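Working notes for the structure below.
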Amino acid sequence: APRYPPAIMSSEEGKVDVLMVGTGEYTTGYVGGTAADSDKGAGVVALTMFDFRRRGKVDRLGMCGVNGKKFPGIRAHMKRCIEEVYNDMDLTCETFPSDTEVDPAAYIKASSSFKAGDVAIIFTPDDTHFDIALECVKKGMHVMVTKPIVQTLEHHIQLAKLAAEKNVLVGVEVHKRLDPFYADARDRARSALGNFQYMYAYMSQPKHQLDTFKAWAGKSSDISYYLNSHHIDFSEWTLAGIARPVRVTATASSGVAKARGIDTEDSITLAVQWQNLDDKTLGCALYTSSWVAPKSDVHSQQRFFYMGSRGEINVDQAHRGCTVAVDDAPFASVNPLFMKYTPTNGMFAGQASYGVKSFENFIDACRKVNAGKAKPGDYDDGSIATVHTTMQGTAILEAGRRSLDADGRPMDIVYESETSEEPVGIKPHEF
């Protein structure tokens with residue numbers, strides 16, 4: 001049988017070595033000793049990297065966690081969900097720390113075994129992103145971090161400065177930019193819908209995710225950082241050069257998580273005032289995220305309504321018109337545009353999925369930079385969510401957390417000038 005799709009042999013750009021930091025749901029699909037009870041049972045990052053190696057883009061792979069005692073279970077899980085499902089998948093991967101160690105600083109030793117120009121992909125709890133990314137950038141590695149890239153504007157500015165000094169590509173993994181519905185909505189908004197007026201965005205996950213994330217939920221991060229970051233990034237990407245966020249007011253719902261012994265908000269809504277740059281008119285965006293939704297036909301409800309001064313657009317990302325009903329499984333609305341796990345002729349066939357494309361764009365960009373065919377700054381044009389073009393998102397998320405902690409007091413986002421789009425600080429609003 002022919003290979004499907006055809007293997008792409010190493011081009012003149014050469015291969016990169018990749019260190020995956022984090023061993024949880026998005027990297028491996030392994031949660032609590034078994035496959036994740038979500039739409040990512042086989043994981044995304046590791047599966048994608050194994051396929052990139054098959055296609056000649058990636059060579060050496062490493063995976064770093066905190067608890068090495070999980071690795072035997074992770075290897076067995078990947079063998080069952082990847083090697084035994086897809087043909088021609090080589091799961092060779094060095095792991096850090098050793099199978100008998102527990103070491104929260106294992107990423108330091110792991111990154112030391114990689115060289116400048118290699119790639120680190122960080123999918124770990126939010127409060128660890130900054131330290132791990134900084135360590136990898138110091139070593140000259142290109143770095144991709146899951147959203148939110150960091151939790152404070154101060155850390156974001158520090159990371160951006162070091163990335164520029166080291167001349168490396170640092171980006172945020174925000175795959176919604178590759179969703180054709182969202183990408184088209186962005187282009188329509190920019191080209192035809194005029195100045196920004198109003199946006200409402202909602203994103204949820206079911207209650208059992210509180211158990212998946214119990215190690216950090218409410219302790220080091222919250223549902224706004226985790227889910228609102230998607231649509232906030234969409235706004236920053238869409239409104240670049242058009243509008244900037246100037247004030248954030250947060251409100252929350254509570255009760256369900258606390259009844260489970262987890263001291264965190266159930267849902268968080270951020271009301272964000274945006275200022276159009278050309279005429280200083282104002283727009284308002286509401287971003288709501290929740291992790292106490294019931295189990296339903298989708299793992300994650302995701303939708304938004306966007307209105308500009310000359311038109312509007314609605315997107316329901318959760319329902320693409322495809323439903324699946326199988327014996328002994330719940331009725332499901334599926335989204336193969338995100339990740340296609342079903343093999344074709346025995347081969348992994350998810351290369352066109354935006355969950356894969358997000359990583360492929362970044363890996364290809366790093367290969368080009370390493371080959372001298374591109375500079376990291378070339379990707380500040382919106383083609384990749386770089387550390388230099390995502391500061392507004394971090395400012396909104398941090399301001400939201402600070403507003404909640406100040407009992408709903410609005411927080412102003414500070415800029416150097418009337419025309420600047422790069423925030424430099426956050427301060428409580430003075431009435």
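The values are calculated or read from the model by the stated rules, or taken from the named source; none is laboratory data. Because the structure is a prediction, the values reported are computed rather than measured. As a convention, Cβ positions derive from the backbone with ideal geometry for all residues, glycine included, and neighbour counts pool all protein chains shown. Calculation scope for accessible area: heavy atoms of the full protein, side chains included, ligands and nucleic acids excluded. Shrake-Rupley method; radii C 1.70, N 1.55, O 1.52, S 1.80 Å.
Once the stretch 380-395 is narrowed to residues that are in contact (Cβ under 8 Å) with a residue 12 or more places away in the chain and open to solvent by 40 Å² or more (accessible area, probe 1.4 Å), the residue that is nearest to VAL246 (Cα to Cα) is THR389.
In a residue-by-residue description of the stretch 110-124, the property of being buried (at least 16 other Cβ atoms within 10 Å of the Cβ), part of a helix (DSSP H, G or I) and among the hydroxyl-bearing types (Ser, Thr, Tyr) applies to at least one position.
The set of residues in the stretch 280-313 that are farther than 25 Å from GLY400 by Cα, open to solvent by 50 Å² or more (accessible area, probe 1.4 Å) and either out of contact with any strand residue (DSSP E or B) (no Cβ under 8 Å at 6 or more places or on another chain) or without any contact (Cβ under 8 Å) to a residue 12 or more places away in the chain (or both) contains only ARG310.
A count restricted to the stretch 253-269 and to residues that are touching a helix residue (DSSP H, G or I) at 6+ places or on another chain (Cβ under 6 Å) and assigned to a strand (DSSP E or B) stands at 1. Quick check, is GLN205 modelled with pLDDT under 95, among the polar types (S, T, N, Q) and outside any helix (DSSP H, G or I)? So GLN205 fits the description; yes.
Within the stretch 161-174, track down each residue that is assigned to a helix (DSSP H, G or I) and surrounded by fewer than 22 Cβ atoms within 10 Å (Cβ to Cβ). Of everything in the stretch 161-174, those that are assigned to a helix (DSSP H, G or I) and surrounded by fewer than 22 Cβ atoms within 10 Å (Cβ to Cβ) turn out to be LYS161, LEU162, ALA164, GLU165, LYS166. As a summary of the residue check, GLN317 satisfies the conditions (1) touching a strand residue (DSSP E or B) at 6+ places or on another chain (Cβ under 6 Å); (2) modelled with pLDDT of 95 or more except for the one numbered (2). Of all residues in the stretch 270-319, those being part of a loop (DSSP other than H, G, I, E, B) and touching a Pro at 6+ places or on another chain (Cβ under 8 Å) number 5.
Let's see how each residue does on (1) exposed (fewer than 12 other Cβ atoms within 10 Å of the Cβ); (2) modelled with pLDDT under 95; (3) assigned to a helix (DSSP H, G or I):
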| residue | (1), (2), (3) |
| --- | --- |
| ALA329 | yes, yes, no |
| PHE338 | no, yes, no |
| THR342 | yes, yes, no |
| GLY350 | no, no, no |
| LYS357 | no, no, yes |
| PHE362 | no, no, yes |
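Among the residues of the stretch 105-163, just one is among the aromatic types (Phe, Trp, Tyr) and either at pLDDT below 95 or over 30 Å from ARG402 (Cβ atoms) (or both), namely PHE114.
Only a single item in (1) at pLDDT below 95; (2) within 19 Å of the chain's Cα centre (by Cα) is not met by SER296, and it is number (2).
One residue stands out in the stretch 396-431 among those that are buried (at least 16 other Cβ atoms within 10 Å of the Cβ) and among the basic types (Lys, Arg): the one that is nearest to LYS219 (Cα to Cα), namely ARG401.
Check whether at least one residue in the stretch 81-103 is open to solvent by 60 Å² or more (accessible area, probe 1.4 Å), within 22 Å of the chain's Cα centre (by Cα) and more than 20 Å from LYS15 (Cβ to Cβ), and report yes or no. No, the stretch 81-103 contains no residue that is open to solvent by 60 Å² or more (accessible area, probe 1.4 Å), within 22 Å of the chain's Cα centre (by Cα) and more than 20 Å from LYS15 (Cβ to Cβ). Under 6 Å by Cβ, and 6 or more places apart or on different chains, what pairs join a residue from the stretch 103-130 that is touching a residue at least 24 places away in the same chain (Cβ under 8 Å) and closer than 17 Å to GLY68 by Cβ with one that is assigned to a helix (DSSP H, G or I) and not acidic (Asp, Glu)? Every condition considered, the pairs that remain are TYR107/ILE132; SER111/CYS136.
The numbered conditions (1) under 19 Å from GLU421 (Cβ atoms); (2) crowded, with 22+ Cβ neighbours inside 10 Å are all true for LEU277 except (2). If you go through the stretch 414-431 and keep only what is modelled with pLDDT under 95 and either of a type in the set (Val, Ile, Thr) or under 17 Å from GLN158 (Cα atoms) (or both), you end up with just THR419.
Applying the condition of being in a helix (DSSP H, G or I) and hydrophobic (A, V, I, L, M, F, W, C) to the stretch 61-78 and asking which residue is surrounded by the fewest Cβ atoms within 10 Å (Cβ to Cβ) yields ALA76. Do you know which residues across the stretch 207-241 are open to solvent by 30 Å² or more (accessible area, probe 1.4 Å) and under 27 Å from TYR415 (Cβ atoms)? TYR226, ALA240, GLY241 - these are the residues of the stretch 207-241 that are open to solvent by 30 Å² or more (accessible area, probe 1.4 Å) and under 27 Å from TYR415 (Cβ atoms). Looking only at residues that are within 26 Å of ALA133 (Cβ to Cβ), at pLDDT below 70 and in contact with a Ser or Thr (Cβ under 8 Å, 6 or more places away or on another chain) in the stretch 1-40, which one is most open to solvent (accessible area, probe 1.4 Å)? Selected residue: SER38.
So the check is Cβ under 8 Å with 6+ separation or different chains; which pairs have a first residue in the stretch 53-77 that's acidic (Asp, Glu) and a second one that's not in a helix (DSSP H, G or I)? Cβ pairs passing all conditions: ASP59/LYS15; ASP59/VAL16; ASP59/ASP17.
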